[in-house]
Amino acid sequence: MGTLNKAMIIGYLGGDPELKRLDSGKVVATFSLATSSNWVDDNGEIHENTEWHRVVVWGKKAENCGKYLAKGRRVYVEGRLQTRTWEDQQGIKRYTTEITASVVTFLSPNTTTDYGHESPGYDDEAEHFSSNSKIPF
């Protein structure tokens, strides 16, 4: 059986994309994308968790990201997870996991403040989780 390495996220840019042209002539764009999830604890208190994802885009797509994307913009990213390793200046081995994008879709322009987060819409059907809740599977 084969394997699958695919990530699909919709989030908000935490800053403007960084665009670089390598010596080879290839263009690469990198940016951070924020995704958030909300939950209600056993006391009825609403919590939010924000995850930051590093995205890498190559070629013409990278040029378009540099041209059209800005902090707070909402985008859909599809690609594969890739972990890189390197040694820093102190000789310590470092790791980062990134999404190498194959698809970047620009969604509605940002009309909010505070790095692009819209007001979260909490519904009455919000899932309740606590550390002692049983997992239903």
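The values are calculated or read from the model by the stated rules, or taken from the named source; none is laboratory data. Just so it is clear, the model here is predicted, and its values are computed rather than measured. Here Cβ is always computed from backbone atoms with ideal geometry, including for glycine, and neighbour counts include all displayed protein chains.
General remarks:
- Scan of the stretch 46-60 for residues that are in a helix (DSSP H, G or I) and charged (D, E, K, R), ordered by number: K60
- Test: G121 is within 15 Å of W52 (Cα to Cα), assigned to a loop (DSSP other than H, G, I, E, B) and at pLDDT below 95: no
- Screening the stretch 71-83 for residues that are under 14 Å from L13 (Cβ atoms) and surrounded by fewer than 16 Cβ atoms within 10 Å (Cβ to Cβ) and picking the one that is farthest from the chain's Cα centre (by Cα) gives K71.
- Residue match in the stretch 44-55 (condition: surrounded by 17 or more Cβ atoms within 10 Å (Cβ to Cβ) and within 18 Å of R84 (Cβ to Cβ)): yes
- Checking K93, K26 one by one, the residue that is surrounded by fewer than 10 Cβ atoms within 10 Å (Cβ to Cβ) and modelled with pLDDT of 95 or more is K93 and no other.
- 1 or more residues in contact with a Phe, Trp or Tyr (Cβ under 9 Å, 6 or more places away or on another chain) and more than 17 Å from A101 (Cβ to Cβ): qualifying strands (runs of 3 or more DSSP E) within the stretch 1-45: 27-40
- Filter result (more than 20 Å from T83 (Cβ to Cβ) and aliphatic (A, V, I, L, M)) within the stretch 1-33: M1, I10, L13, L19, L22, V27
- Conditions (1) at pLDDT below 50; (2) part of a strand (DSSP E or B); number of the one not met by Y76: (1)
- Single match in N64, N132 (criterion: more than 17 Å from the chain's Cα centre (by Cα) and modelled with pLDDT of 95 or more): N64
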